[in-house]
Amino acid sequence: MAVRRVLKMGDPMLYQPAAPVEKFDTGELDGLIADLFDTMAALNGVGLAAPQIGVSRRVVIFGVEANPRYPHAEPVPTTVLINPVLEQIGGEMEEGWEGCLSVPGLRGLVSRYKNLRYTGFDQRGRPIDRTVSGFHARVVQHECDHLDGILYPMRLKDIRLLGFEEALFREL
Ligand code: NI
């Protein structure tokens, strides 16, 4: 399919809630998902949400094997998640550095729920139901925020916890 342009922070579309997917297993949905994967791969992302390529639908993809942008990240299975519902477990939160393809070059320290159950559907309409923790839970929370028009800098407790990668991580 195609590598699409990723909208950057400031684009009004990134702040709009996305609409649910109503029809599964369609050519249109398959095309969107192929474009999301092509775009994520081209930019070495660990996740991407449909609104980031200008499609206001509740579709996210994510997955990590070995990623040069996140050298210490634990693996996360490659997943298509549609119309997700998130439910935090236990209330414990954890801080971690996040980046976003819509906020290139920057990282921010964001607090997320450590333990998470998420449900939703894949592109064929098959249900997904997983209970996860740590980095996997963080990625899902970050990507699903995009569906509600939230970018991670909006969750920072202190603007000083946002910075350029080369300044924050001098060893890289
Ligand atoms: Ni993002």
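Can you give the accessible area of residue 87 in Å² (nearest 10), computed on protein heavy atoms with a 1.4 Å probe?
Accessible area of residue 87: about 100 Å².
In the full protein assembly as shown, how much of residue 26 is accessible to a 1.4 Å probe, in Å² to the nearest 10?
40
Alpha carbon centre of region 91-146 versus region 1-72: separation in Å?
Measuring centre to centre over Cα atoms gives 14 Å.
On full extension of the chain, what length is gained from residue 78 through residue 16, given 0.36 nm per residue of separation minus the C-alpha to C-alpha distance?
Stretched fully, the residue 78-residue 16 segment lengthens by 19.7 nm.
Using only the Cα atoms of region 80-155, build the gyration tensor, take square roots of its eigenvalues as a ≥ b ≥ c, and label the shape rounded, prolate or oblate: rounded if a/c is under 1.5, else prolate if a/b is larger than b/c, else oblate.
Taking the square roots of the gyration eigenvalues as a ≥ b ≥ c, region 80-155 is oblate.
Would you rank 114, 157, 8 by solvent-accessible area, highest first, keeping every protein chain in place and using a 1.4 Å probe?
Of 114, 157, 8, the descending order of accessible area is 157, 8, 114.
Can you give the Rg to Rh ratio for region 12-168, taking only C-alpha atoms and Rh from Kirkwood?
Numbers: Rg = 14.9 Å, Rh = 15.8 Å.
Radius of gyration over Kirkwood radius for region 12-168 works out to 0.94.
Place a label point 7 angstrom from the Cα of residue 8 along the Cα-to-Cβ direction, then list the residues of region 75-109 whose backbone nitrogen is under 20 Å away.
In region 75-109, the label zone of residue 8 (backbone N under 20 Å from the point 7 Å along Cα→Cβ) covers 98-108.
Would you mind checking the tilt of helix 134-147 against the longest principal axis of the Cα atoms of the chain, expressed as 0 to 90 degrees and rounded to 10?
60
If you line up the long axis of helix 27-42 against the longest principal axis of the chain, both from Cα atoms, how many degrees apart are they, to the nearest 10?
Relative to the chain, helix 27-42 is tipped by roughly 20 degrees.
Could you state the principal axis extents of the C-alpha atoms in region 54-121, from the largest down, to the nearest angstrom?
33, 30, 22
Can you give the calculated 222 nm mean residue ellipticity of the chain, where each DSSP H run of n ≥ 4 adds -39,500 (n - 2.57) and the sum is split over every residue, rounded to the nearest 500 deg cm²/dmol?
-6000 deg cm²/dmol
Specify whether the C-alpha gyration tensor of region 21-95 places it in the rounded, prolate or oblate class, a ≥ b ≥ c being the square roots of the eigenvalues: rounded for a/c under 1.5, otherwise prolate if a/b is larger than b/c and oblate if not. List each step's numbers first, then the result.
Values: a/c = 2.29, a/b = 1.25, b/c = 1.83.
Note, shape of region 21-95 comes out oblate.
DSSP loop (so not H, G, I, E, B), at most 16 other Cβ within 10 Å: list which chymotrypsin sites (Phe, Trp or Tyr not before Pro) in region 113-172 pass both filters.
169
If the chain between residue 42 and residue 124 were fully stretched, how many nm would it gain, using 0.36 nm times the residue separation less the Cα-Cα distance?
27.0 nm
Give the aspartates and glutamates whose C-alpha is closer than 16 Å to that of residue 114, dropping any in the same chain fewer than 8 places away, or say none.
74, 87, 92, 94, 95, 98, 143, 145
The values are calculated or read from the model by the stated rules, or taken from the named source; none is laboratory data. Bear in mind that the values here come from a model prediction, so they are computed numbers and not experimental data. When we count neighbours, we look across all protein chains shown, and the Cβ atoms used for this are built from the backbone with ideal geometry, even at glycine. Side chains are part of the model used for accessible areas, which takes the heavy atoms of the whole protein and leaves out ligands, DNA and RNA. Shrake-Rupley method; radii C 1.70, N 1.55, O 1.52, S 1.80 Å.
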